[in-house]
Amino acid sequence: MSTTQRPEQQCDLVMKGGITSGVIYPAALVRLAETYRFRGLGGTSAGAIGAAVGAAAELGRERGGFDAVARLPESLGDGALGKLFQAQPRTAGLLRLLFAYLRSGWRALVPTVLRTFPLTSLVGLLPGVVLVVIGVLEGGLAGILLAVAGVVLALIGWVVAVGLRLFRIATVDVPANLFGICRGLGTHGTPGFTEWLSDAIDDAAVLSDAQRPLLFGDLWSGEVARPVAGFGTPMPSRPEIDLRMITTCLSFGRPYELPMEVRTFFYDESVWETLFPPHVMAALRAGSDPVPADVDAVTTETGWLDLVASQRGLRRLPPARSLPVIVATRLSLSFPALISAVPMWDVDFGAEDTRMSMAAVRAAIRDKRPTPVSAVTFRRLWFSDGGLCSNFPVQFFDGALPTRPTFAINLGSFPDDRSPDPDQSRNIEYARTNDVIPAIYSDLPTSGVGALTGFAGLAFGTARNWNDSSHLQFPGYRDRIVKVFQTDTEGGLNLDMEREVIDGLGARGAAAATAMVEQFDTDHYSPPHATGWDNHRWVRYRALLACMPAFLGSYAAGRAALGIDKDPPSYPFNRTATRDLAAQLSEALDRAAAVVKEADPETIADLVGEPNPAGVIRRVPRT
């Protein structure tokens, strides 16, 4: 089927982060779009880029959106990908060193340092060079010793001088550049990666107005609509296209799902102008809440806070429906140190001056008096790569039972016993019949520096990825996750890949998509003549039932111990209809718990015995 036609079948897709590994995703998106209409797309970092472009293309499908996606890899070959990463003047040296190392390894660093820091190198080498000259002029054994000492001094001086220069860049210039080497905008007349990505998203959506970027509200409604500022309705329960990403708030030590309905964050216009193109900033201003002209025009606490914030150059982040997609994508892909973090601000309601000011403002609004001009404490928050907390959020679109497939593309290195095959279908791994794929094993040296660094690396990786990794072998997940293997020279931090490498990774992504389509659309189970999708739904149903006895037993015990006749002060039922609904739900759960309690223990054991590993039902906070 052509990608300009709307298929009857629908699916969701989640993509893993991996910096330049995102070149895998365009071909995979196009292949899946031939069979499925995308309803949900999600990812982190590079996966967020793929999700944003895919969602935009689904919106512009009938106008050739996926044709624009198919052309994306063509614009990244022959060094074009690396040219999108442009550093600020004070951090440019680190980027040159990174490129030199990625291209030629450690042997390229010395000449690159000499070219990048000539004055620093001269200062470090000069004392030793002078001593060598003196030794040559002196002659004899003493001169030879002086010359040798001069060579040693020159080497030590050069290492110290360059080390101090790099230390200053890393500890002063990189933090001053929002903790990154590159902010994302072009610095020498050519587009940076943020500008390129913003254009790629808008081109895929086939926007008629190039001055206005794609908004989340466009995706939700399925058409490009006029943005509306202020508080309003949240994301509809069934958006036409549901795009989700993750960013990490380092200041709060937690992830946030994007787009956020939380309206407590502010942005500094002067800072964000160095992170986003002008037309994106214009869309942010257009979508942000209108700020009261002065204190006499204030009628709400929110309006008063917006006025105080504006006096500090801050604007409230627009509601989710009016947020440009590129802003959320940039928040998700802020790879630490390479790509600058994105600062936002919030109000510190725990600060004494804020508490006093808010009390005075509430009283003034209640009494219909002019609000006072008071002090408020704002806190700067740092948002970085979503992959720090969740690099593969495969659970993004999951419900109790699925109504459409949610595919997921994982990334990983080739196992030790495998190498790239010309047949790209052999460079992926897929649990075609819900078989368990062996877990990734990482060996660890037990002595030497490698033992220390290896242990630290595995500890950090485990802390970062354990939640995502625990889903990889879970029933109802493992049969919809395809892993795409890469070598050390493909994807990741390889910012300067040649066209041949990019094309190979794209073909690998297309092979991964084909494997998923064939698995879920083909009759693999005969009898009973069921497709992979039929089998997947049955596995999800069985996995859910296996969790119910423990959940209902826990509920029954807690409900019996609740013992409250009157509503406590927290969260009372405010309507009689609400109280009646709660009573009916409780009665239904009571009956289900009684069914489990009265069932034969052997039958219960048989129900919960498969599939493995077992799961649990629990209430968890939304990110």
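What to note about this one:
- Comparison of Gly140, Gly128, Gly105 shows that the only residue that is among the small types (Gly, Ala, Ser), over 30 Å from His188 (Cβ atoms) and at pLDDT below 90 is Gly140.
- On inspection, Ser270 qualifies as small (Gly, Ala, Ser), open to solvent by 30 Å² or more (accessible area, probe 1.4 Å), within 18 Å of Val342 (Cβ to Cβ) and in a helix (DSSP H, G or I).
- Output for region 339-364, where each listed residue is in a helix (DSSP H, G or I), of a type outside the set (Asp, Glu) and open to solvent by 50 Å² or more (accessible area, probe 1.4 Å): Arg355, Met356, Ala359, Arg362
- Flag for Leu137 being over 30 Å from Trp196 (Cα atoms), assigned to a helix (DSSP H, G or I) and not β-branched (Val, Ile, Thr): yes
- Within region 180-200, the residues that satisfy the criterion of being out of contact with any helix residue (DSSP H, G or I) (no Cβ under 7 Å at 6 or more places or on another chain), part of a loop (DSSP other than H, G, I, E, B), on the phi < 0 side of the Ramachandran plot and not polar (S, T, N, Q) are Arg183, His188, Pro191, Gly192.
- Filter result (at negative phi and open to solvent by less than 20 Å² (accessible area, probe 1.4 Å)) within region 60-83: Gly60, Arg61, Gly65, Phe66, Ala68, Val69, Leu76, Gly77, Leu81, Gly82
- Pairs meeting the criteria (first residue in region 600-619 and over 20 Å from Val539 (Cβ atoms), second residue β-branched (Val, Ile, Thr) and modelled with pLDDT under 85, beta carbons under 9 Å, at least 6 apart or on different chains) are lacking.
- Checking Pro549, Pro528 one by one, the residue that is of a type outside the set (Gly, Ala, Ser) and at pLDDT 90 or above is Pro549 and no other.
- Enumeration of residues in region 574-594 that are farther than 21 Å from Met548 by Cβ and open to solvent by 90 Å² or more (accessible area, probe 1.4 Å): Asn574, Arg575, Thr576, Arg579, Leu581
- Selected residue [within 30 Å of Tyr430 (Cβ to Cβ), in a helix (DSSP H, G or I), polar (S, T, N, Q) and under 30 Å from the mean Cα position of the chain (by Cα)] from Thr514, Thr623: Thr514
- Residues of region 273-295 that are free of Cβ contacts under 8 Å to residues at least 40 places away in the same chain and either of a type in the set (Val, Ile, Thr) or not in a loop (DSSP other than H, G, I, E, B) (or both): Pro278, Met281, Arg285, Val291.
- Residue count for region 81-126 satisfying the condition of being in a loop (DSSP other than H, G, I, E, B) and more than 26 Å from Leu275 (Cβ to Cβ): 2.
- You will find that of Arg464, Arg508, the residue that is under 30 Å from Ser75 (Cβ atoms), of a type in the set (D, E, K, R) and not in a loop (DSSP other than H, G, I, E, B) is Arg508 and no other.
Residues are listed down the side, and each one gets a yes or a no for (1) within 28 Å of Gly492 (Cβ to Cβ); (2) hydrophobic (A, V, I, L, M, F, W, C); (3) in contact with a strand residue (DSSP E or B) (Cβ under 8 Å, 6 or more places away or on another chain):
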{"position": "Glu261", "(1), (2), (3)": "no, no, no"}
{"position": "Asp289", "(1), (2), (3)": "no, no, yes"}
{"position": "Val295", "(1), (2), (3)": "no, yes, no"}
{"position": "Ala309", "(1), (2), (3)": "no, yes, yes"}
{"position": "Ala337", "(1), (2), (3)": "yes, yes, yes"}
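- Apart from one condition, Ala56 fits all of (1) in contact (Cβ under 8 Å) with a residue 60 or more places away in the chain; (2) outside any loop (DSSP other than H, G, I, E, B); (3) open to solvent by 10 Å² or more (accessible area, probe 1.4 Å); the exception is (3).
- Filter result (without any contact (Cβ under 8 Å) to a residue 24 or more places away in the chain and in contact with a helix residue (DSSP H, G or I) (Cβ under 7 Å, 6 or more places away or on another chain)) within region 410-443: Asp421, Ser442
- Filtering Gly222, Gly253, Gly287, Gly313 for residues that are surrounded by 19 or more Cβ atoms within 10 Å (Cβ to Cβ) and not acidic (Asp, Glu) leaves a single hit, Gly287.
- Pairs linking a residue in region 344-371 that is small (Gly, Ala, Ser) to a residue that is surrounded by fewer than 17 Cβ atoms within 10 Å (Cβ to Cβ) and at pLDDT 90 or above, with Cβ atoms under 7 Å and 6 or more positions apart or on different chains, are Ala351/Thr377.
- Residue in region 1-28 that is nearest to Leu197 (Cα to Cα), counting only those that are outside any helix (DSSP H, G or I) and of a type in the set (A, V, I, L, M, F, W, C): Ile19
- The set of residues in region 459-513 that are over 19 Å from Val14 (Cβ atoms) and either of a type in the set (D, E, K, R) or open to solvent by 60 Å² or more (accessible area, probe 1.4 Å) (or both) comprises Phe460, Thr462, Ala463, Asp488, Thr489, Glu490, Leu493, Asp496, Glu498, Arg499, Glu500, Asp503.
- Qualifying residue in region 563-584 (condition: in contact with a Leu (Cβ under 8 Å, 6 or more places away or on another chain) and of a type outside the set (S, T, N, Q)): no
- Some residue of region 29-38 being closer than 16 Å to Pro239 by Cβ and not in a loop (DSSP other than H, G, I, E, B): yes
- Applying the criterion of being surrounded by 12 or more Cβ atoms within 10 Å (Cβ to Cβ) and not in a helix (DSSP H, G or I) to the residues of region 598-613, the residue that is modelled with the lowest pLDDT is Asn612.
- If you go through region 25-53 and keep only what is in contact with a strand residue (DSSP E or B) (Cβ under 6 Å, 6 or more places away or on another chain) and either free of Cβ contacts under 8 Å to residues at least 24 places away in the same chain or surrounded by fewer than 24 Cβ atoms within 10 Å (Cβ to Cβ) (or both), you end up with Arg37, Arg39, Gly40.
The values are calculated or read from the model by the stated rules, or taken from the named source; none is laboratory data. These numbers come from a predicted model, not from an experiment. Quick reminder, even Gly has a Cβ in these numbers, built from the backbone with ideal geometry, and neighbours come from all protein chains shown. Just so you know, the surface numbers come from the protein's heavy atoms only, side chains and all, with ligands and any DNA or RNA stripped out. Shrake-Rupley method; radii C 1.70, N 1.55, O 1.52, S 1.80 Å.
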